[in-house]
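The values are calculated or read from the model by the stated rules, or taken from the named source; none is laboratory data. Being a predicted model, the structure only gives us computed values, none of them experimental. Every residue, glycine among them, receives a Cβ derived from its backbone with ideal geometry; neighbour counts consider all protein chains shown. Each accessible area value is taken on the protein alone, full model and side chains, heavy atoms only, with ligands, DNA and RNA left out. Shrake-Rupley method; radii C 1.70, N 1.55, O 1.52, S 1.80 Å.
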Amino acid sequence: MGEYARSLAIAHAARRQWPDANIHFILSRQAPYAAATPFPATLLDSSPTFHTAAVTDSIQTFRPHIVIFDNAGRTAQLRAAYRAGARIIFISSRSRQRRKAFRWRWMRLIDEHWIAYPQFIAGRLNFLERFKLDWLRRPVVRYLDVILSRAGAEGDSIMARVGLSLETYVLVVPGGGTGHPGAGDAAAAFLAAANTLAGAGTPTVFIGPTGTAPNSRLRCFHALPQADLAELMSGARLIVTNGGSTLLQAIACGRACIAIPIAQDQHQRIQRCVDADVAIAAKLDAANIVQAADALLGDESARAALARRATGLKLADGIEVASDALTRLLNAV
């Protein structure tokens, strides 16, 4: 889900900048978001990673100027894009994909390597990575920091629509498009915590699958456009979320955050945020989440200090970083 949400935000930004752009997605039809994709799409039986022939055929038919591989891709797929004359962007959000992108054969194919997280999360380029870049003089490496589409001045305020006031509510966002090994019931734990907080009188908003009927005091949204999510994040008193992209979005909004890992790669990411004093960690357990939230809500100085340090990071707008890079690539075509 994180990869799709990021690519969708980049695609919308490209459409705003180039209204006549022909934008196409290749997705698994099994993905929960596939049917609602607002752009033309080729739907495959499973992840495009496992359908190299179909991806290659699509590239050859579409003849794109730019191909973006978001955290996935096969060497044969990159080579198909290269043979088609496309500029190639690879986005890595995990260490394994970053290592793949820094293999000699991939570096010769990729024009731009975008690292999905800020440097304090993803780490600086190491000696070997710098050596390879100096030797090949390619690709261009950029840190996206955080992707967060915000509403324009003309947008309707979701806070006004649902009757919320600034810094009076807790926002709970489990995130994730699918279950993760060992955390298949993650959304249920988040929902149980949100129900408890709301039942105790704390204004609480939950974004995600609800399953059983939630507490009547709990405001629930199955999903929201990212601009609405950004507004709710920016107005929250406290945000409870996972350790993926949503955590970085919450920090970029300058909010106090509690982070809970729902995937193996999120443990280290959360720890780096904790080490930077911009988030508090909790276990994937409703009681532990509530305990952490109550502790912060009852300690205004600690909550405000988290929010202040988050604001102080001044994370870059990944949409602007991506748009500038796309402009550079298109101008070179």
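Accessible surface computed residue by residue for the chain, with neighbouring protein chains in place and a 1.4 Å probe, gives 47 Å² per residue. Distance from the Cα centroid of region 224-258 to that of region 273-299 is 14 Å (rounded to whole angstrom). Annotation: lysines with alpha-carbon distance below 30 angstrom to K132 (same-chain offsets under eight excluded): K100, K314. Taking a point 7 angstrom from the Cα of H65 along the C-beta vector, which residues in region 79-110 have backbone N less than 15 Å away? The answer is 85-89, whose backbone nitrogens lie closer than 15 Å to the label point. Rounded, prolate or oblate: which one fits region 9-109, using the alpha carbon gyration tensor with axes a ≥ b ≥ c (rounded when a/c is under 1.5, else prolate when a/b beats b/c, else oblate)? Note, shape of region 9-109 comes out rounded.
Measuring nothing but how far apart in sequence close Cα pairs (under 8 Å, 6+ apart) lie, relative to its length, region 261-323 scores a relative contact order of 24 percent. Label positions at E300 and Q30, each projected 7 Å from the Cα along the C-beta direction, are separated by 5.1 nm.
Counted by Cβ distance under 15 Å from T210, the other residues give a net charge of +1, where Lys and Arg count +1 and Asp and Glu count -1.
Residue by residue, region 89-102 carries 3J(HN,Hα) couplings of 10, 10, 10, 10, 10, 9, 4, 5, 5, 5, 4, 4, 5, 9 Hz when phi is fed to the Karplus relation 6.51 cos²θ - 1.76 cosθ + 1.60 (θ = phi - 60°); x denotes Gly or Pro.
Taking amide H as placed 1.01 Å from N in the peptide plane, T204 has its amide H under 5 Å from the amide H of V170, R219, each at least 5 places away in sequence or on another chain. Run the helix sum for the chain: -39,500 (n - 2.57) per DSSP H stretch of 4+ residues, divided by residue count, reported at 222 nm to the nearest 500 deg cm²/dmol. Estimated from H runs of four or more residues: -13000 deg cm²/dmol. Summary value for the chain: 15 percent relative contact order, contacts being C-alpha pairs under 8 angstrom separated by 6+ residues.
Size descriptors for region 16-64 (Cα atoms only): Rg and Dmax, in that order, 11.7, 32 Å.
According to the square roots a ≥ b ≥ c of the eigenvalues of the Cα gyration tensor, what is the shape class of region 273-313, taking rounded for a/c under 1.5, prolate for a/b larger than b/c otherwise, and oblate for the remainder?
Oblate shape, in that a/c is at least 1.5 and b/c is the bigger or equal ratio.
Rounded to the nearest 20, the size of the Cβ-charge dipole of the chain about its Cα centre is 1320 debye, with Lys and Arg at +1 and Asp and Glu at -1.
Per-residue surface analysis assigns R103 an accessible area of about 80 Å², computed on protein heavy atoms at 1.4 Å probe radius. Amide H contacts of A41 (H built 1.01 Å from N, in plane; Pro and chain starts excluded): F25 sit under 5 Å, all sequence-distant by 5 or more or on other chains.
For region 33-50, the Karplus equation 6.51 cos²θ - 1.76 cosθ + 1.60, evaluated at θ = phi - 60°, returns couplings of 9, 4, 5, 9, 4, x, 10, x, 8, 9, 9, 10, 5, 7, 3, x, 4, 9 Hz by residue, with Gly and Pro reported as x. Summing charges over neighbours of D57, with a neighbour being any other residue whose Cβ is under 15 Å away from its Cβ, gives +3 when K and R count +1 and D and E count -1. The value of relative contact order for region 189-299, using C-alpha pairs under 8 Å at least six residues apart, is 23 percent. Set the Förster distance to 22 Å, then compute FRET efficiency between N126 and A316 from the Cβ-Cβ distance, nearest 0.05. E between N126 and A316, to the nearest 0.05, is 0.55.
Under the rule a/c < 1.5 gives rounded, and otherwise a/b versus b/c splits prolate from oblate, where does region 188-333 land using the Cα gyration tensor? Because a/c hits 1.5 or more and a/b exceeds b/c, region 188-333 counts as prolate.
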